[in-house]
Amino acid sequence: MKILITGGTGLLGRSLCTKLLQAGHDLIVLSRNAAAARGRLTPGVQLIRWQPGVERVPLEALEGVEAVINLAGENIGAGRWTASRKQLIMQSRLGVTRALTESFQKLNQHPRVFISGSAVGYYGPHGDEELTEASPPGHDFLAEVCRAWEQEANRARELGVRVVTIRTGIVLAREGGTLPRMVTPFRLFLGGPLGSGRQWVSWIHIADAVGIIQLALEHTTVAGPVNLTAPQPVRMEEFASVLGRVLKRPSSLRVPAWMLKMALGEMANLLLTGQRVLPARALQEGYQFRYPELAGALEDLLILSG
């Protein structure tokens with residue numbers, strides 16, 4: 001299958017490209033800096049320079065493409081949420097997605113499937129309620145971003161394209177993402193839960209995140225939202241306890257909520273609130289998780305990696 005990917009140099013995109021190449025697919029990655037991207041991606045990926053917001057999507061890159069996977073978007077955890085940064089977070093997602101769907105309209109042959117990013121932030125802060133793809137959206141900033149992001153992607157349905165929106169939880173990986181930042185204080189004997197520790201953490205091993213995207217790519221019955229989370233979310237205090245046990249470090253030094261709010265501002269809500277999100281759609285399709293439990297996932301990523 002000929003597949004075009006945006007956001008291919010990100011944490012999830014890099015692993016996805018490797019797996020799709022191994023499966024025999026032909027990959028095209030759109031990147032702002034094709035030369036830099038070449039050093040970050042597995043050989044065999046075709047790279048095409050594209051400057052979102054300045055240039056239109058090169059239509060020649062879309063010719064004959066059967067699937068488009070859109071993972072592009074400004075990192076929400078890269079800085080305090082000032083008004084200008086919140087606008088960048090929103091527009092980086094809507095702009096790329098809109099550019100893609102508008103480009104589809106100009107093609108003689110549309111892609112068969114469009115898999116576009118979203119996040120569990122769609123549901124907003126929740127307590128102990130179990131959330132599935134059928135649950136309604138929240139009302140905070142991240143929920144607004146995800147809802148608008150998905151609406152842009154769903155415009156492709158008008159062209160007969162199968163649209164899948166992947167609501168991603170915290171992706172655990174050896175290099176990059178959240179886990180290495182969490183591990184550092186534990187290695188220094190300074191680890192512990194954030195805030196009350198009662199908030200839910202909807203996590204997923206990167207191998208399963210890639211696996212569910214591959215399932216959505218190949219199963220024509222999959223359409224609409226799909227949660228990229230493990231079937232066993234945990235509370236923050238349990239996450240810290242398991243992480244400490246795997247690293248053979250204590251996990252008792254709690255980080256108070258006021259300290260996070262002082263340091264991060266509104267972005268602290270990402271860490272202090274959470275959602276108990278279940279991957280109902282993936283399980284319905286028969287996906288078999290390689291790492292359904294947190295302990296096994298962390299042992300694979302932290303012990304087997306050396």
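The values are calculated or read from the model by the stated rules, or taken from the named source; none is laboratory data. If you're wondering where the values come from, they're calculated on a predicted model, not measured in any experiment. Please note: Cβ atoms are built from the backbone with ideal geometry, for glycine as well, and neighbour counts cover all protein chains shown.
Brief remarks follow.
- The stretch 177-204 - residue that is of a type in the set (Val, Ile, Thr), at pLDDT 90 or above and touching a strand residue (DSSP E or B) at 6+ places or on another chain (Cβ under 8 Å) and, of those, nearest to Ala280 (Cα to Cα): Ile204
- If you check Val201, Val183, Val234 for being crowded, with 22+ Cβ neighbours inside 10 Å, in contact (Cβ under 8 Å) with a residue 24 or more places away in the chain, farther than 22 Å from Leu27 by Cβ and of a type in the set (Val, Ile, Thr), only one passes: Val201.
- For the stretch 253-279, a residue qualifies if it is out of contact with any strand residue (DSSP E or B) (no Cβ under 7 Å at 6 or more places or on another chain) and at pLDDT 90 or above, but none of them does.
- Of Leu131, Leu142, Leu107, Leu100, all but one fail to be among the hydrophobic types (A, V, I, L, M, F, W, C), under 26 Å from Leu16 (Cβ atoms) and loosely packed, with under 15 Cβ neighbours inside 10 Å; the exception is Leu107.
- Among residues of the stretch 257-306, those that are under 16 Å from Leu247 (Cα atoms) and either small (Gly, Ala, Ser) or touching a residue at least 60 places away in the same chain (Cβ under 8 Å) (or both), counted: 10
- Residue in the stretch 266-278 that is among the basic types (Lys, Arg), over 26 Å from Phe186 (Cα atoms), within 17 Å of the chain's Cα centre (by Cα) and surrounded by 20 or more Cβ atoms within 10 Å (Cβ to Cβ) present: no
- Residue, surrounded by the fewest Cβ atoms within 10 Å (Cβ to Cβ), within the stretch 58-86, restricted to residues that are among the β-branched types (Val, Ile, Thr) and either outside any loop (DSSP other than H, G, I, E, B) or modelled with pLDDT of 90 or more (or both): Val65
- Screening Ala216, Ala209, Ala156 for residues that are at pLDDT 95 or above, within 13 Å of the chain's Cα centre (by Cα) and crowded, with 20+ Cβ neighbours inside 10 Å leaves exactly one candidate, Ala209.
- The number of residues in the stretch 1-57 that are part of a strand (DSSP E or B) and β-branched (Val, Ile, Thr) comes to 6.
- Breaking point among (1) in contact (Cβ under 8 Å) with a residue 12 or more places away in the chain; (2) touching a Gly at 6+ places or on another chain (Cβ under 9 Å); (3) surrounded by 12 or more Cβ atoms within 10 Å (Cβ to Cβ), for Arg49: (2)
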